[in-house]
Amino acid sequence: MNRQGISVRDQGSASSRFVGPALIVLAAVLAIVPQMVRGNSCGHDFDFHLVSWLDALGNWRHGLFYPHWTASANYGAGEPRFIFYPPLTWMLGAAMGIVLPWKIVPLALTSLLLAAAGLATRTLAREKFDDAVATLAGCTTVLSGYALFTAYERSAFAELTGGFWFPLMLLFALRNRIEDTPSDGAKRVPLVRRAFDGSALLLTLVVAGAWLSNAPVGVMLCYTLAAVALTTALLGHSWAPLLRAATAVVLGIGLSAFYLVPAAWEQRWVAIQQATDDPGLLIENSWLFARHGDPRLEQHDIELLRVSGIAVTMIAVALAGLLVTWWRKRLPAERKWWIPLGLVPVAVLFLQLPFSRPIWNLLPELRFLQFPWRWLVALGTPMAIFFASALWTTNRWLRAFALAVCAFVFLAAVAIAGVSFYQGCETEDSVRQRVEDYRAGTGFEGTDEYAPPHADNTLVAMALPIACFVNDPTVLLGQGDPDVTPLWSADQHSCEATFPAAPSPGKTPSEHLAVAAETSHAGYLVLRQRTYPAWDVRVNGVPVTQMPERQDGLMAVPVPRGHVKVNVDWTATRDFYVGRLISGLAALLVTGLGLLEYRRFRPRLS
């Protein structure tokens, strides 16, 4: 029962239970209407994700389910993107590309992720509020400013998953199915029974899902979970929330180790520091409404002004909703449920301001979030719940007026996203052109942080041959304006001879390259392949352990005179096996946890 005497479990007729989810799905469709009309919004990360989906699907069609190398990056020279970027969203995008036209995939994925966020928020809200309030909260999550900003201006599909994982984390972290002291006067319930009451397994899966969706989301979710568990433990005078959260974090990260261990270990093999070296990617340059005199930050400041307005609005709505709900005595009776949610907007506001800098420097991995306002993904659910609970009323006329205001605000938010946040696609960036370029083998520019150390992506030429025979291994291939991508052509005479890839039946092209050549003298074959320690390079069956370093990061393989057979194969490094071993052990422990919760506590859960 809530404070109004209304049972939160009284959800109406069976048919009405489908109305709420249907409205949330409708809101998710409404959110992408401007893109249906104007075409895909090519936000900051749009090309990156689209190319990842294309490459992942290409690998699947060659029988490789979990690829490591993105072959089309750097105009065919590739990069180890799939090692460092979490797999769930690029796998989901590739899977949708099997059944949908590529032009529709970004729209469908955006709508799907927004709907998932709304439905998860509704599920959390239904724990303490009635169905109408929960549904309004779900719609608010879908059409919130930061969700639309992420979908339109940034096209950050992986970050959109945070709108789904955060409410589920709060749901399982705050759920208390077994009371510390039973009402029948029996003795206090043991700590383990309270901690593992049926939610620990689900919380573990949420932690794993967050890390496998987006690394910043994983970092933020774990810190938020720790704060929520600590707050709940203090309010309830119980160690159970901390034990449950700690178990979920350890096992969740363990399940994700097959991705996390190689991604962490192999950072030394790429220029990963470029992810935070740019001035626009420093925490100190993205405080709320900050302005800078550096001309390099001009565009950054324009975007920061826009997102700062979103942040202030969302924080204000969340705090105002909390105060109005408290004033109207509509907060749930359990402080352990609503106080952790109420502290989220306060914490998010604190992290947007300069005096939070010691926290950013102290907590591990926090600086890799790049932007303080990324914490808005954690704010969406509490804001939506407090807003909906403050606005909803049992008076029919006031309720109709409130719903009319909500409809107007939601439509206005979508209109603003379609005008202010929308990023039009240049012809060469359109989905159609990208798909054509991929199928033609033209390739695309690479990602700076995935380049070999000391290599320069801007020096990788377009239209390179598979193998270029040269006498000088450091010779640059390709010519053109220094401000544009160089282009290679045979009439430049930078190659003494060129050779195609040799047939390799049964091999996955992205993780295997073979070249057969006849050379007139000893020299080097410069391959259209980026260097990386996981490559096993052999010349006539003999391993190559040393290769000269090139500015563009391409392989320069020393070869003798005469017939030469070069094989380049991807190999599993030690961290690969360590990660999978940890994930396997974690999976066994998670299975045991699931059996424990199901068998031991099934009667109590029923």
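The values are calculated or read from the model by the stated rules, or taken from the named source; none is laboratory data. Predicted model only: the values in this text are computed from it and were never measured. A quick note on method: Cβ atoms are made from the backbone with ideal geometry, for glycine too, and the neighbour counts reach across all protein chains shown. Each accessible area value is taken on the protein alone, full model and side chains, heavy atoms only, with ligands, DNA and RNA left out. Shrake-Rupley method; radii C 1.70, N 1.55, O 1.52, S 1.80 Å.
Taking the criterion of being loosely packed, with under 13 Cβ neighbours inside 10 Å and either within 17 Å of residue 208 (Cβ to Cβ) or among the charged types (D, E, K, R) (or both), the residues of segment 559-575 that qualify are 561, 574. Residue 292 passes every criterion in (1) more than 23 Å from residue 448 (Cβ to Cβ); (2) modelled with pLDDT under 95; (3) not small (Gly, Ala, Ser) apart from (1). Criterion applied to 249, 261, 228, 217 was being crowded, with 24+ Cβ neighbours inside 10 Å and either touching a residue at least 40 places away in the same chain (Cβ under 8 Å) or assigned to a loop (DSSP other than H, G, I, E, B) (or both), and the one residue passing it is 217. Going by the conditions given, is residue 293 assigned to a loop (DSSP other than H, G, I, E, B) and either touching a strand residue (DSSP E or B) at 6+ places or on another chain (Cβ under 7 Å) or not aromatic (Phe, Trp, Tyr) (or both)? Answer is yes for this residue.
Counting only helices (runs of 4 or more DSSP H) that sit completely within segment 325-393, those holding 3 or more residues that are surrounded by 20 or more Cβ atoms within 10 Å (Cβ to Cβ) correspond to 335-351, 376-391.
Condition first: of a type in the set (A, V, I, L, M) and either assigned to a loop (DSSP other than H, G, I, E, B) or open to solvent by 50 Å² or more (accessible area, probe 1.4 Å) (or both). Now tell me which residues in segment 296-316 satisfy that.
Taking segment 296-316 first, the residues of a type in the set (A, V, I, L, M) are 297, 302, 304-305, 307, 310-312, 314-316.
Across segment 296-316, the qualifying residues are 302, 305, 312, 316.
The residue list 527, 596 contains one member that is more than 29 Å from residue 465 (Cβ to Cβ) and surrounded by 13 or more Cβ atoms within 10 Å (Cβ to Cβ), which is 596. Residue 330 meets each of the listed conditions (1) under 30 Å from residue 124 (Cα atoms); (2) out of contact with any Lys or Arg (no Cβ under 7 Å at 6 or more places or on another chain) apart from (2).
Can you say whether residue 290 is open to solvent by 40 Å² or more (accessible area, probe 1.4 Å) and either among the acidic types (Asp, Glu) or over 24 Å from the mean Cα position of the chain (by Cα) (or both), as far as the supplied structure shows? For residue 290, the condition - open to solvent by 40 Å² or more (accessible area, probe 1.4 Å) and either among the acidic types (Asp, Glu) or over 24 Å from the mean Cα position of the chain (by Cα) (or both) - is not met.
Quick one: which residue in 508, 447, 498, 458 is within 23 Å of residue 84 (Cα to Cα), without any contact (Cβ under 8 Å) to a residue 40 or more places away in the chain and polar (S, T, N, Q)?
Testing whether each residue is within 23 Å of residue 84 (Cα to Cα), without any contact (Cβ under 8 Å) to a residue 40 or more places away in the chain and polar (S, T, N, Q) leaves just 458.
Can you work out which of the residues in segment 419-443 that are within 30 Å of residue 549 (Cα to Cα), not aromatic (Phe, Trp, Tyr) and not in a loop (DSSP other than H, G, I, E, B) is most open to solvent (accessible area, probe 1.4 Å)? Looking at residues that are within 30 Å of residue 549 (Cα to Cα), not aromatic (Phe, Trp, Tyr) and not in a loop (DSSP other than H, G, I, E, B), I get 440.
When segment 461-480 is filtered for residues that are closer than 15 Å to residue 520 by Cα and open to solvent by 60 Å² or more (accessible area, probe 1.4 Å), the ones remaining, listed by number, are 471, 472.
For segment 561-569, the condition of being part of a loop (DSSP other than H, G, I, E, B) and either in contact (Cβ under 8 Å) with a residue 24 or more places away in the chain or among the charged types (D, E, K, R) (or both) holds for at least one residue. Confirm whether residue 446 is touching a helix residue (DSSP H, G or I) at 6+ places or on another chain (Cβ under 6 Å), within 21 Å of residue 42 (Cα to Cα), open to solvent by less than 60 Å² (accessible area, probe 1.4 Å) and not in a helix (DSSP H, G or I). It is true that residue 446 is touching a helix residue (DSSP H, G or I) at 6+ places or on another chain (Cβ under 6 Å), within 21 Å of residue 42 (Cα to Cα), open to solvent by less than 60 Å² (accessible area, probe 1.4 Å) and not in a helix (DSSP H, G or I). Taking the criterion of being open to solvent by less than 70 Å² (accessible area, probe 1.4 Å) and outside any loop (DSSP other than H, G, I, E, B), the residues of segment 499-514 that qualify are 499, 510, 511, 512, 513, 514.
Restricting the first member to segment 135-156 and to residues that are at negative phi, and the second to residues that are not acidic (Asp, Glu) and not in a helix (DSSP H, G or I), the beta-carbon pairs closer than 6 Å and six or more apart or on different chains are 150/156; 152/41; 152/422; 153/43; 154/43; 154/44.
Let's see how each residue does on (1) of a type outside the set (Val, Ile, Thr); (2) at positive phi:
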{"position": "427", "(1), (2)": "no, no"}
{"position": "435", "(1), (2)": "no, no"}
{"position": "441", "(1), (2)": "yes, yes"}
{"position": "446", "(1), (2)": "yes, no"}
{"position": "451", "(1), (2)": "yes, no"}
{"position": "454", "(1), (2)": "yes, yes"}
{"position": "458", "(1), (2)": "no, no"}
{"position": "463", "(1), (2)": "yes, yes"}
{"position": "468", "(1), (2)": "yes, no"}
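Any residue that is loosely packed, with under 13 Cβ neighbours inside 10 Å and either within 30 Å of residue 465 (Cβ to Cβ) or under 34 Å from the mean Cα position of the chain (by Cα) (or both) - is there at least one of those in segment 576-586? So far as segment 576-586 goes, no, none of its residues is loosely packed, with under 13 Cβ neighbours inside 10 Å and either within 30 Å of residue 465 (Cβ to Cβ) or under 34 Å from the mean Cα position of the chain (by Cα) (or both). It is to be established whether one or more residues within segment 134-142 are open to solvent by 10 Å² or more (accessible area, probe 1.4 Å) and not in a helix (DSSP H, G or I). Checking segment 134-142: not a single residue is open to solvent by 10 Å² or more (accessible area, probe 1.4 Å) and not in a helix (DSSP H, G or I). Only helices (runs of 4 or more DSSP H) whose full extent lies in segment 31-123 are considered here, and the ones with at least 3 residues that are open to solvent by less than 20 Å² (accessible area, probe 1.4 Å) are 46-61, 81-84, 87-99.
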